[in-house]
Amino acid sequence: MRILISGASGLLGLNLGLHCLSDHTMIGLVHSHLIKESPFPIHVVDLGEEKTARAVIDQFKPDVLFNCAALADLDACEKDPIRAQRLNAELPGWLAEECDCRSVQLVHISTDAVFDGCKEGKYREEDKTNPLSIYAQTKLQGEKNVLQVNSSALVARVNFYGFSISGKRSLAEVFLNNLREGKSMFGFTDVLFSPLYVIDLVEILLKMVEKQFSGLYHVTSPESQSKYAFGTGIAQRFGLDANLITPIKVADANFLTAPRSQNLVLDPGRVQAALRVNLPGQRQGLDHFYQDFQDGFAQRIYGLQ
Ligand SMILES: NC(=O)c1ccc[n+]([C@@H]2O[C@H](COP(=O)([O-])OP(=O)(O)OC[C@H]3O[C@@H](n4cnc5c(N)ncnc54)[C@H](OP(=O)(O)O)[C@@H]3O)[C@@H](O)[C@H]2O)c1
C-alpha cells in the first residue's frame, strides 16, 4: 500500500512510518520537526492551512491516509484554542472530505480523553461523551467532522506510549529517562488508563485497514492501571529504582493547566470481537517496549532528531 502519514514527526506517526517501511511505500508530512536522514520521504507542510491540507491527497496520491497530526499537548490547547480548533477539529474534516471524493481510506486518530471519567468501569464506543478540556472538545469535534462526511473512514480512540524523537512525548519514556538518571518523579494513583505500546497499536491499526474497518473503535489495551503503577512497572522491568516515584493524587498536582479525566479506561471489546484477537495486556506491552529498547530502537529514534 501507498501510505501517507500526517504528523510523521510525532510519537505515533514516526513509529508508524518506521514499522511499515519494509512492507509498504511510506510518505510522511511534518511541520516544525524535520526528521534527520529519514528512511522514508518527508515533506514539510502546514496542515493548519485549509488549501494546503486539502491538496495533499492529490499531491501524494495515497491508498491510505493516517491522520496523526494534531495539537496533542493538553496545556498547549488551553493556551491556543484557535490552533487547537483548526488542527484537531477542522483539519480532520477537510481531510475526510478529500479522502471521500478520491476513494482514499482515512484512518483518523482520536483520544480516550473525550469522556469525563465519571463512569465506573470501561468506556464503550456508545457511551456519552463529555470532554473536559479544549484538547478533548476539539478532538471530539474532529471525530464528528470525519464521520459526518466520510462513511468509510476509520476513527480510532487510542492511548499509547513508546519512543519519540524528543524523548519526552510519552509518559513511558519520561519515566524511563528520569529513572535512568536517578531523578525522582510523581505518579498519579487516581488516574486510570489502558495504553498500548505504540508498535502494538500500529499493528492493530494495519489489520483494521486491511479488513477495511470503518466507523468508531476504541483501540486500547483490555487491561488498565494507574499512572503510578505504570511508572513502577517500568522501573521494575528495566531494573530501576521504583522508590524514586512518589505516589500522589491528581488534585495535589500544581503543574497541570488543563482539566483531565481520571478514568481514561476504554473497552476495546468491539475491535477485539471484529478481529477475533485479544489486544495486548499491560505486561505484554511493557515487555515489547523493553525488548525494543534492548534492541536499540530508542537510540534509532533519538538519532533521527
Ligand atoms: N500520545 C498519546 O498517548 C495519545 C493519546 C490519545 C490520543 N492521541 C492522539 O494520537 C495522535 C498522535 O499523537 P502523538 O502523541 O503522536 O502527537 P505528537 O507527538 O504531538 O505529534 C503531533 C504531530 O502533529 C504535527 N503537526 C502539528 N501541527 C501541525 C501543522 N500545523 N501542520 C502539519 N503537522 C502538524 C506535528 O508536526 P511537527 O512536530 O513537525 O510540528 C507532529 O508530527 C493525535 O491525534 C493525538 O490526539 C495521542
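Just so it is clear, none of the values below were taken in a lab; they were calculated from the coordinates. Everything numeric in this text was worked out from a predicted model, so none of it was measured. Here the Cβ positions follow ideal geometry from the backbone for every residue, glycine too, while neighbour counts run over all protein chains shown.
One chain, two ends: GLN59 and LYS249. Fully extended at 0.36 nm per residue, the span grows by 63.6 nm beyond their Cα-Cα distance. Compute the helix-to-body angle for 11-20: its Cα long axis versus the longest principal axis of the chain, expressed 0 to 90° and rounded to tens. With rounding to tens, the tilt is 70 degrees. Over every Cα atom in region 1-149, the radius of gyration and the widest Cα-Cα span, Dmax, amount to 15.5, 47 Å. Shape of region 225-284 from the C-alpha gyration tensor: oblate (a/c of 1.5 or more and a/b not above b/c, with a ≥ b ≥ c the square roots of its eigenvalues).
Across region 117-134, computed HN-Hα scalar couplings (Karplus, 6.51 cos²θ - 1.76 cosθ + 1.60, θ = phi - 60°) run x, 7, 5, 7, x, 7, 8, 9, 4, 8, 5, 5, 8, 7, x, 9, 10, 4 Hz from first to last residue, x flagging Gly and Pro. For LYS227, LYS122, the sequence from fewest to most other C-beta atoms within 10 Å is LYS122, LYS227.
Per-residue 3J(HN,Hα) values for region 151-160, derived from phi via the Karplus relation 6.51 cos²θ - 1.76 cosθ + 1.60 with θ = phi - 60°, read 6, 9, 6, 9, 10, 10, 8, 9, 8, 8 Hz in sequence order (x marks Gly and Pro).
A crude spin-label estimate for the pair THR189 and THR25, with each label 7 Å from Cα along the Cβ direction, gives 5.5 nm. Listed by Cβ neighbour count within 10 Å, with the fewest neighbours leading, ILE204, ILE82, ILE165 appear as ILE82, ILE165, ILE204. Max-minus-min Cα coordinates of region 34-95 on each principal axis give 34, 27, 17 Å, with the largest extent listed first. Per q in 0.10, 0.11, 0.19 Å⁻¹, report the Debye log10 I(q)/I(0) for region 135-259, using one uniform scatterer on each alpha carbon and no solvent. Log-scaled intensity ratios, in q order: -0.41, -0.49, -1.14.
Seen from all directions on average, the chain presents a Cα convex hull projection of 14.4 nm². Once the Cβ-Cβ distance of LYS211 and GLN284 is raised to the sixth power relative to R0 = 22 Å, the FRET efficiency obtained is 0.50. Inverting the pair-averaged 1/r between distinct Cα atoms of region 185-226 gives 12.1 Å as its Kirkwood hydrodynamic radius. Computed from the C-beta positions of SER152 and GLN294 and an R0 of 41 Å, the FRET efficiency is 0.55 to the nearest 0.05. Model label points for PHE238 and GLU49, set 7 angstrom from Cα along the Cα-to-Cβ axis, are 3.9 nm apart. As a rough footprinting exposure proxy, the listed residues VAL104, VAL250 were ranked by other beta carbons within 10 Å of their own, and the order from fewest upward is VAL250, VAL104. This model, with +1 at the C-beta of Lys and Arg and -1 at the C-beta of Asp and Glu, gives the chain a dipole about its Cα centre of some 120 debye. Calculated mean residue ellipticity, 222 nm, the chain: -11500 deg cm²/dmol, from DSSP H runs (n ≥ 4) at -39500 (n - 2.57) each, averaged per residue and rounded to 500. Using 0.36 nm per residue and subtracting the Cα-Cα separation, the extra length available between LYS119 and ARG2 on full extension is 38.1 nm.
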